[in-house]
Amino acid sequence: MTRDAFDRRTWLRRAAGLAGAGLAGWSQPARGEWAEAGAPRIAAAPPVWDTAADRERRMRWWHAARFGMFIHFGLYSLLGEHEWAMDREGIPIPQYERLAQHFNPHPHAARAWARLAREAGQKYMVMTTKHHEGFCLWDTKLTNYCAPRQACGRDLVREYVDAARAEGLRVGFYYSLMDWHHPDGYRCKSDPAARRRFVEYTHGLIRELMTQYGKIDVLWYDVHWPLNAREWESEKMNQMVFSLQPDIIVNNRNGLAGDFSTPEQHIQAAQSGRAWETCMTINDSWGYQRADRDFKTPATLVRNLITCAGGGGNYLLNIGPRGDGSAPEPEAQALRAVGRWMARNGETIYGSDRCNCKSTPFASFTRKGNTLYVQVHSWPGRTPGSRWMPFFRPPAVAAIGGLRTKALSARVLKTGQKVAFRQDDLSVQLTGLPAHAPDAPVSVIAVECAGEPRIDPLYVREHRQRYKVGVSWS
Ligand code: GLC
C-alpha cells in the first residue's frame with residue numbers, strides 16, 4: 001500500500017481500532033514503506049502481537065520448555081550428503097528432482113522422532129516443512145513439487161503434527177524463504193513481476209501451513225536471501241501469520257526482529273529481556289550426512305543445555321534422519337542419554353530463570369527463584385591431585401567465589417543428602433561432599449539462598465585481603 005492510499009486520519013483510526021477490534025481486517029503498510037514515503041511523525045501503535053504483554057503471554061510455555069528438537073528432513077536426507085548438497089555440489093535441478101521419485105519415508109518415522117523427543121526431555125519440535133531445496137513436505141495447492149504428489153503420496157507435515165501432539169509436544173514449522181528450485185527464486189531479486197509472483201507464492205505457502213494443521217506453536221523462518229524484509233513484505237507476512245495463529249511465536253529470520261533470536265551453532269545469550277534460542281547439530285550437519293561421524297557426547301549436550309538455560313535461553317537440538325525417516329543411532333543414543341539425565345535433573349532446567357552466575361572451572365549454574373543449582377561437571381572428589389596436597393585443599397570441597405547472596409542450605413539434588421557449608425566474604429565452601437560424583441555426566445547441588453543468587457565475578461579479585469609487597473609471609 002502506498003502513502004497516497006492512506007491518509008493520516010485513516011491511519012490513526014486503524015491503529016486505535018486495533019486494540020478493540022483484534023487483527024481481523026486490519027491492514028498496515030509495511031513500516032519500511034512508511035519510512036521511505038516520509039510518513040507523518042506519529043508513533044504508530046504497534047500491532048497487538050508486537051507488544052510486550054502479548055509476547056509474554058505467547059512465549060510463556062516456550063521459556064518454561066527450554067529444550068526442543070529440530071528436525072531437518074527433505075529430499076537431501078535421501079542423498080545423505082548434507083542439506084546444502086544441491087547448491088554446493090551444483091546438482092542440476094532435473095537430476096535433483098529425481099530424488100522426489102524415491103523419497104518415501106516410513107509411515108511411522110515421525111512417531112519415532114516424537115517418542116525420541118519425549119524420551120530426551122524435549123518439549124517441542126520444529127521440522128523443516130520446506131528447506132532451501134524447495135520441496136514441500138505438505139499437501140500444497142501451489143506446486144506439484146511436494147510429498148503428496150510425488151512418490152511418497154502422503155502429507156508428511158500432517159504425520160509430523162499428529163505425532164508431536166500424540167506425545168504431548170508443541171509443534172513448530174521451519175520454513176525457508178530462500179528457494180533453489182522455484183523459477184522465480186533468484187530472478188525475484190531483479191525482476192519486479194517475478195518478485196510479485198514469488199512473494200505471493202511464499203505468502204500463500206505460509207498461509208496453507210497456518211490454516212491446514214490446527215494450532216501451530218512456532219514458525220521458524222530461515223534464510224531470506226535474496227530479498228530483504230521490505231521486498232518479502234515481511235510485516236504483512238507476520239501480520240497474516242498472527243491473524244491466523246494468535247498464539248504462535250515467530251523467530252527473526254524473515255528480516256524482522258520477531259519474538260526471539262536464533263544464534264546458530266554457538267551459545268550466546270541475548271541481552272536481558274530478549275528471548276533467544278541456540279540451534280545446534282549433534283554432529284556437524286543439519287541434514288543427514290552419512291560421512292559425518294563427529295557426534296557430540298551426552299556430556300557436551302547436557303552442558304550446552306545447562307549453559308542455555310543458565311542464560312535464560314532455549315536449546316533446539318537437531319536430528320538429521322535418513323531418507324527412510326530413521327534417526328541415526330548415535331543421535332538417538334545421545335538424546336536418550338540426555339533424557340535420562342533430564343528425568344533426574346529436569347527441575348533445574350524447565351522453568352528456570354536467567355542466572356547471572358558465570359561458570360567456574362568445575363561447574364556452571366542455573367537458577368529458579370532463590371535456588372542456585374550448581375551444575376558440577378568436574379567433581380572435586382578425591383582426585384590424585386588432592387590426595388597429594390590434602391593440606392592445601394581438603395578433598396571433596398567445592399568453593400564458589402564471589403557469591404554475594406547468603407546461602408541458607410545446600411543438598412545433593414539426586415540423593416537429597418544435606419551438604420555442610422561455610423560462607424565468608426569471599427566464597428561459599430561446600431564441605432563434606434561425597435567422594436564420588438553422585439550423578440553423571442553432571443551432578444547438581446541445590447543451594448537455597450536468602451535472595452536471588454548473584455555472583456560478582458570481580459569481587460574476589462577486588463576485595464581479597466592482600467599482603468604488603470616485601471613483607472615476608474612465611
Ligand atoms: C543455516 C543453514 C540451513 C539450516 C539452518 C538451521 O541457515 O543454511 O541449512 O537449516 O542454518 O539454522
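So here's what we get for this one:
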{"read-out": "The stretch 320-337 - phi-based ³J(HN,Hα) in whole Hz, Karplus 6.51/-1.76/1.60, Gly and Pro as x", "value": "x, x, 5, x, 7, x, 7, 6, x, 4, x, 6, 5, 5, 4, 5, 5, 5"}
{"read-out": "Most positive-pole-ward Cα, Gly214, His182, Gly121, against dipole of the chain from beta carbon charges", "value": "Gly121"}
{"read-out": "Cα→Cβ-extended label distance, 7 Å offset, between Val469 and Ala450, nm", "value": "3.8 nm"}
{"read-out": "Amide H within-cut-off set for Arg170, under 5 Å, with H built and near neighbours excluded", "value": "Tyr124, Met125"}
{"read-out": "Per-residue ³J(HN,Hα) for the stretch 340-357, Karplus 6.51 cos²θ - 1.76 cosθ + 1.60, θ = phi - 60°, Hz, x for Gly and Pro", "value": "5, 5, 5, 4, 8, 10, x, 4, 7, 10, 4, x, 6, 9, 4, 10, 8, 7"}
{"read-out": "Reachable lysines, given that their alpha-carbon falls under 25 Å from the alpha-carbon of Lys414 and they are not under 8 places away in the same chain", "value": "Lys123, Lys296, Lys358, Lys368, Lys406"}
{"read-out": "Residue exposure sequence - Met280, Met240 - by fewest surrounding Cβ within 10 Å", "value": "Met240, Met280"}
{"read-out": "Cysteines without a disulfide-compatible neighbour (Cβ-Cβ under 4.7 Å), the chain", "value": "Cys152, Cys188, Cys279, Cys308, Cys355, Cys357, Cys449"}
{"read-out": "Additional length obtainable on full extension of the chain from Arg207 to Arg165, 0.36 nm per residue less Cα span", "value": "13.0 nm"}
{"read-out": "Theoretical FRET efficiency, 1/(1+(r/R0)^6), r = Cβ-Cβ of Asp324 and Val460, R0 35 Å, to 0.05", "value": "0.05"}
{"read-out": "The chain: calculated mean residue ellipticity at 222 nm from DSSP helix runs of at least 4, using -39500 (n - 2.57)", "value": "-9000 deg cm²/dmol"}
{"read-out": "Cα gyration tensor category, rounded, prolate or oblate, for the stretch 54-126 with a/c compared to 1.5", "value": "prolate"}
{"read-out": "Cα gyration tensor, the stretch 238-282 - rounded (a/c under 1.5), prolate or oblate", "value": "prolate"}
{"read-out": "On Cα atoms only, tilt of 109-120 relative to the major axis of the chain in degrees", "value": "20 degrees"}
{"read-out": "Exposure proxy order (Cβ contacts within 10 Å, fewest to most) of Cys188, Cys136", "value": "Cys188, Cys136"}
{"read-out": "Only Lys, Arg (+1) and Asp, Glu (-1) charged, at Cβ; the chain dipole about Cα centre in debye", "value": "1740 debye"}
{"read-out": "Degrees separating the helix 156-166 axis from the principal Cα axis of the chain, which is the longest one", "value": "40 degrees"}
{"read-out": "Whole-angstrom gap from the stretch 102-150 to the stretch 399-452, using each part's C-alpha centre", "value": "45 Å"}
{"read-out": "Cα convex hull volume per residue for the chain (Å³)", "value": "199 Å³"}
{"read-out": "With Cα atoms, 0 to 90° folded angle of helix 8-21 axis to the chain main axis", "value": "60 degrees"}
{"read-out": "The stretch 307-318 - phi-based ³J(HN,Hα) in whole Hz, Karplus 6.51/-1.76/1.60, Gly and Pro as x", "value": "4, 4, 4, x, x, x, x, 10, 10, 9, 9, 8"}
{"read-out": "Antiparallel bridges, percent of DSSP beta bridges restricted to the chain (to nearest 5)", "value": "50 percent"}
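Every read-out reported here was derived from the displayed coordinates using simple, explicitly stated rules and does not represent laboratory data. As the structure is a prediction and not an experimental result, all values here were calculated from the model. Here Cβ is always computed from backbone atoms with ideal geometry, including for glycine, and neighbour counts include all displayed protein chains.
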